[in-house]
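Here's the structure, in structure tokens; my notes come after.
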Amino acid sequence: LMEQGKLDKAEQYLTEAMEGRRRVLGDEHPATLASIHDMGLLLIMHGKYDEAEVLWTEALETQRRVLGDEHPDTLRSINSMGNFLLKDQGKYDEAEVYYTEALEGFRRGSGRFASIHADYDQRTDQTLRRVGQTQRSAEVP
């Protein structure tokens with residue numbers, strides 16, 4: 001629905017899913033955290049950046065505590081926070097911190113998550129280079 005631009009209907013379903021998962025699975029379950037993340041994405045699409053940041057911060061802090069800093073879901077959330085800060089907020093310095101953390105985590109990844117890490121490693125590295133180029137070009141008088 002979000003891809004079709006039906007944001008109000010999507011928000012209704014995502015709210016139901018998020019609240020239901022919180023109630024049934026608890027606030028720390030990976031499926032609940034995914035719903036929180038998805039709701040944050042929808043809020044960004046609505047232009048509700050402050051509300052989205054609250055949800056994404058909640059999801060990321062919980063993922064760090066429950067899943068650990070090296071888990072693919074945590075690293076994706078770190079990367080998403082960088083995207084949000086860069087693309088939607090223009091906060092290059094803050095975005096770079098998140099991108100760097102995600103990139104380093106993806107590069108350390110191994111074992112059963114290796115293919116996921118490799119894919120995100122490449123994309124995060126490319127984005128981090130673009131952040132640096134954009135920031136440098138903005139500083140040139």
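The values are calculated or read from the model by the stated rules, or taken from the named source; none is laboratory data. None of these values were measured; they are calculated from a predicted model. Counting neighbours? That spans all protein chains shown, and the Cβs are built from the backbone with ideal geometry, glycine included. For accessibility, only protein heavy atoms count, side chains too; no ligands or nucleic acids. Shrake-Rupley method; radii C 1.70, N 1.55, O 1.52, S 1.80 Å.
Per residue of the range 13-22, what does 6.51 cos²θ - 1.76 cosθ + 1.60 with θ = phi - 60° give for ³J(HN,Hα)? Whole Hz please, x for Gly and Pro, Karplus curve as stated.
Each residue of the range 13-22 in turn: 5, 5, 5, 4, 5, 5, 5, x, 5, 4 Hz.
Contact order normalised by length for the range 1-80, with contacts defined as Cα pairs under 8 Å and 6 or more residues apart; what percent is it?
Taking the mean separation of contacting Cα pairs over the length of the range 1-80, I get 22 percent.
Probe 1.4 Å, all protein chains in place: accessible area of Y13 in Å², nearest 10?
Here the accessible area works out near 110 Å².
List the trypsin sites (Lys or Arg not before Pro) within the range 1-57 that DSSP assigns to loop and that have no more than 16 neighbouring Cβ atoms inside 10 Å.
Listed in order of number, the matching sites are K6, K48.
Take E58 and T100, extend 7 Å from each Cα along the Cα→Cβ direction, and tell me the distance between the two endpoints in nm.
Spacing of the two 7 Å Cα→Cβ label points: 3.0 nm.
Calculate the FRET efficiency for Q12 and D88 from the Cβ-Cβ distance with a Förster distance of 22 Å, rounded to the nearest 0.05.
0.45
Of all accessible surface on the range 49-92 at a 1.4 Å probe, what whole percent is carbon and sulfur?
Exposed carbon and sulfur together represent 45 percent of the surface.
Return the loop-located GluC sites (Glu not before Pro) in the range 1-52 (DSSP other than H, G, I, E, B) with at most 16 other Cβ atoms within 10 Å of their own Cβ; answer none if there are none.
E3, E28
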